[in-house]
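Since the structure comes first, as structure tokens, the remarks are kept for the end.
The values are calculated or read from the model by the stated rules, or taken from the named source; none is laboratory data. Fair warning: this is a prediction, and the values are worked out from it, not measured in the lab. Don't worry about glycine lacking a Cβ; one is built from the backbone with ideal geometry, like all the others, and counts go over all protein chains shown. These accessible areas exclude ligands, DNA and RNA; they are computed on the full protein's heavy atoms, side chains included. Shrake-Rupley method; radii C 1.70, N 1.55, O 1.52, S 1.80 Å.
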Amino acid sequence: MNPKRCAACKYLRRRCPKDCIFSPYFPPNDPAKFACIHRIYGAGNVSKMLQQLPDQTRAEAAESLCFEAKCRVDDPVYGCVGIIHLLQTQIEQTQNQLAKTQAEIAVAQTKLSQTHNSDFM
Amino acid sequence: MSSSGNPSSSGGGGPCGACKFLRRKCVAGCIFAPYFDSEQGAAHFAAVHKVFGASNVSKLLQHVPEHKRPDAVVSICFEAQARLRDPIYGCVSHIVSLQQQVVSLQTELSYLQAHLATLELPQPQPPPVPVSSSGSLQALSITDLPSISPSVYDLSSIFEPVMSSTWAMQQQPRPSDHLFGVPSSSSIGGGGELQALAREFIHSGQMPAQPSPGTSGSGSTVIKRE
């Protein structure tokens, strides 16, 4: 067996051709990455998706697919939609805290100006 | 897409949306039937099939408890449609833009809390705010601060408690390749909220809750690796 096969071809137990679509993005030292993406999307779908993209964008596409696949493996029900939900909740909470702090600043500034006015009188 | 749990399989009602798309007989107990009705379900299933594949989705759903399957189908449809709209980043671009929004808001909050602390000191301190031409004090804004570039895929901050961090801490660079540092979010019980979110996305044809440009110094949702 060719020791230089990419992780995808090793997983699929096939020869790794020179123009293998997976080899730039799935090095042999990280087999779990391809296993995860294959489990969720399937090798054929990933191959089709990468082939439809320009060369220079495939690396980012592979990374984002891996990220989404990992999220789905970790959370089979919500996947990375769960993360979106958490972020939106966090945004809402922070906006509420911001509004509260701005109100507190307004009150403090009012008290400060009243203190200054009474000092001058 | 129907997530009411009513089966759409044949028995009088015709095939479900998935079996219609796959042009196969919709058997009793079809795993897709409760979630893909025969009208709009076929269109939603087309996206799911193109991205994930029917057999992969079937396996995914079989490993999910039945009462959680509607939520799983909604999230799978959401991801599939996001990936078709953005073949490079899928819904990760939305995650990154939300993450930038969180960082921006938390930085602004830290700044305001520091300002509040100076106002509440016993000795009167001159407030470090610009004064508008009308003479009234302007609200502090994120544009007063230097811009911050959050790293990609570093979602560890999402799961820290929502608390004020010092403005200095926000300036620290984060590790750039903190891939997959995401704990499980399966504790989310907001099924109704999730479905509302996904329906808003699916029916309106665009991502919900996009940040306005210039909020964090960069309105683009293009992911940049550091």
Listed by first then second residue, the pairs whose first member lies in the stretch A:27-39 and is more than 10 Å from every other protein chain (Cβ to nearest Cβ), whose partner is part of a helix (DSSP H, G or I) and open to solvent by 60 Å² or more (accessible area, probe 1.4 Å), with beta carbons under 8 Å and at least 6 positions apart or on separate chains, are A:28/A:10; A:31/A:10; A:31/A:11; A:34/A:11; A:35/A:11
State whether the residues of the stretch B:84-91 include one that is open to solvent by less than 30 Å² (accessible area, probe 1.4 Å), in a helix (DSSP H, G or I) and touching a Gly at 6+ places or on another chain (Cβ under 9 Å). no
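Given the criterion more than 21 Å from the chain's Cα centre (by Cα), at the interface with another protein chain (Cβ under 7 Å from one of its Cβ atoms) and not acidic (Asp, Glu), identify the matching residue among A:61, A:103, A:99, A:108. Spell out the reasoning first.
On the way: A:61 fails: more than 21 Å from the chain's Cα centre (by Cα); A:103 fails: at the interface with another protein chain (Cβ under 7 Å from one of its Cβ atoms); A:99 fails: at the interface with another protein chain (Cβ under 7 Å from one of its Cβ atoms).
One residue alone meets the criteria, A:108.
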